[in-house]
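Take a look at the structure below.
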Amino acid sequence: MSKVVEKVKFGKSSGFFNVFERRPGNIKKNMHYCPGCGHGILHKLIAEAMVDLGMQDRMIIIAPVGCSVFSYYYYDAAGISVPHGRAPAVGTGLLRANPDCFVISYQGDGDLGAIGLNNFLQAANRGENMTVCFVNNGIYGMTSGQMAPTTLVGQQTATSPYGRSVTNEGYPLKVAEMVAALESPIYVERVALTSAKNIRTARKALRKGLFNMKQRKGFSLIEFLSGCPVNLKKNAKETNDWIEQEMASYFPLGCLKDIEDSRPPISRPKPIFDKDEVMDTLIQSAGNIRWGKKKTVLRKDLRIKCAGFGGQGILSLGMMIAAMGQSRGINVSWLPSYGPEMRGGTANCSVVLSNDIIGSPIVKETNILIAMNQQSMDKFLPDLIPGGILLYDRTGIGQPKTKSRIFSVEASRIAVDIGDIRCANSAIMGAFAACLKGFEMEDYEEAFEEAIRKTFRKKQQLIDYNIRAFSKGKESVKIENV
Ligand SMILES: Cc1ncc(C[n+]2csc(CCOP(=O)(O)OP(=O)(O)O)c2C)c(N)n1
Ligand code: SF4
Ligand SMILES: [Mg+2]
């Protein structure tokens, strides 16, 4: 029998940058992890494996919130930080858009087992072609040691000072066992980042997971029992002993599932998306305007509520207002309110236009209320600030009693006259543009028209109708008490 000789490598892998320029501050050669932390060991295994397997150029390492969120400082590969728990969902999007990429979803036990459990399980169950590196250190490391779903029974943490109790918190979550029970995943193994022997096993498991992905065989999970000496309040040796004796007796090491041989490479439908549209959206949100005019200065934030019947185009009205602001380089947010109202009742959305970063998209204290039915007027008028603007559709609403500035327009009648009731939202938008005249943006009319053309860009006839409704609304606005 020939003996397999493993080559021991020294020095930094070319899977890492030589100098960690992305890391802020003066320390550019070392990682930010604490001494004895399992993350640093796993990073080395990943860097080395992706180079050896020839996967580096197409590799995307996704790290959500947790101590490893800054892993993109280190790898000479594509790296993305994503919101807590969302790596498998983002990875799915990447793989669907570009099935040729390789995705490592690098997740902690808090991230994967708590906030992101559903995202993770659904991706596993769909058999996405990704490798999940699950770092189980039994604790929320980044936030100073709160209890995680994998915290052992009796383990003391910042939020379980008397130890985790089964009666109160249940048993620790056995993620690998749970995933192994699903049909789709092809490979599930639990390893430990402790002794040299265990790290060698971990190295093999990781390579197997990555190789499966290279062969397009589907979903692999490798759970790494890992040390967080700082929060366990142990030194590195005590931590490793604790992992091997305590953790591994509840989370046994070994392969739980390996059916890669029996599965053909997966193939998904070809991605369908309009690249230009994606670029347009991304580039605009990065503040680099490709359509429209230069940045316009708003004199103050506009916090707008649009409300009316479901089906009146209320949500698109808000979208068009947001698109108008976006085209002028203004920060915007659009927050729709869905729910039972959409089925025939009232619908509303909140739009914020601001020169500054928008703290909250929720609009309570409203500068501008655009009401298209009586119920919405009754509901939202009390939120209009003194001196705010009320604009309403006179077709179906009686004149309200308020000290605010009031404008009205027969938006629904204009739309019916033009030939399509669905243009009522553009008619009221025309009136809105007229309300802004004189005290807000200079080229608001042009910007609104651009927003309409952009919204309906695939339907020329609708552009014509909506532009006519917009112009008519602008001409017909009535100032009621200014
Ligand atoms: C949406 C959201 N909720 C909560 C937090 C706070 N938070 C930051 S890291 C973390 C837990 C990280 O623990 P884990 O995933 O186990 O990673 P570790 O740091 O242990 O590697 C939490 C709850 C957050 N950043 N975002
Ligand atoms: S807090 Fe724990 S998980 Fe985070 S870097 Fe330090 S040892 Fe690692
Ligand atoms: Mg953790």
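The values are calculated or read from the model by the stated rules, or taken from the named source; none is laboratory data. Note that this is a predicted model, so its numbers are computed, not measured. Quick reminder, even Gly has a Cβ in these numbers, built from the backbone with ideal geometry, and neighbours come from all protein chains shown. Accessible surface is based on the protein model in full, side chains and every heavy atom, while ligands, DNA and RNA are left aside. Shrake-Rupley method; radii C 1.70, N 1.55, O 1.52, S 1.80 Å.
A few points about this structure:
- Here segment 267-293 is the region considered, the condition is being touching a Pro at 6+ places or on another chain (Cβ under 9 Å) and surrounded by 11 or more Cβ atoms within 10 Å (Cβ to Cβ), and the residue that is modelled with the lowest pLDDT is Pro271.
- Hits in segment 54-103 - residues which are touching a residue at least 60 places away in the same chain (Cβ under 8 Å), more than 16 Å from ligand 2 (Cβ to nearest atom) and among the aliphatic types (A, V, I, L, M): Met55, Ala77, Leu95, Ala97, Val103
- Residue count, segment 129-157 (criterion: in a loop (DSSP other than H, G, I, E, B), within 12 Å of ligand 2 (Cβ to nearest atom) and surrounded by fewer than 23 Cβ atoms within 10 Å (Cβ to Cβ)): 4
Residues checked against (1) open to solvent by less than 10 Å² (accessible area, probe 1.4 Å); (2) touching a Lys or Arg at 6+ places or on another chain (Cβ under 9 Å); (3) in a loop (DSSP other than H, G, I, E, B); (4) of a type outside the set (S, T, N, Q):
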position: Leu369; (1), (2), (3), (4): yes, yes, no, yes
position: Ser376; (1), (2), (3), (4): yes, yes, no, no
position: Lys379; (1), (2), (3), (4): no, no, no, yes
position: Pro382; (1), (2), (3), (4): no, no, no, yes
position: Gly387; (1), (2), (3), (4): no, yes, no, yes
position: Tyr392; (1), (2), (3), (4): yes, no, no, yes
position: Gly398; (1), (2), (3), (4): no, no, yes, yes
position: Thr402; (1), (2), (3), (4): no, no, yes, no
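- Test: residue in segment 61-73 that is in the same structural domain as Thr239 (by TED's automatic domain parsing), open to solvent by 50 Å² or more (accessible area, probe 1.4 Å) and either among the hydroxyl-bearing types (Ser, Thr, Tyr) or farther than 16 Å from Asn137 by Cβ (or both): yes
- Count of residues meeting criterion [hydrophobic (A, V, I, L, M, F, W, C), at pLDDT 80 or above, in contact with a strand residue (DSSP E or B) (Cβ under 8 Å, 6 or more places away or on another chain) and assigned to a loop (DSSP other than H, G, I, E, B)] in segment 425-482: 1
- Residues of segment 166-176 satisfying the condition of being open to solvent by less than 40 Å² (accessible area, probe 1.4 Å) and either part of a loop (DSSP other than H, G, I, E, B) or not assigned by TED's automatic domain parsing to the domain that holds Leu112 (or both): Gly170, Pro172
- Some residue of segment 235-242 being within 16 Å of ligand 1 (Cβ to nearest atom), not in a helix (DSSP H, G or I) and not acidic (Asp, Glu): no
- In the set Ile115, Ile104, only one residue is more than 22 Å from Lys237 (Cα to Cα), within 16 Å of ligand 1 (Cβ to nearest atom), open to solvent by 40 Å² or more (accessible area, probe 1.4 Å) and at pLDDT 95 or above; that residue is Ile115.
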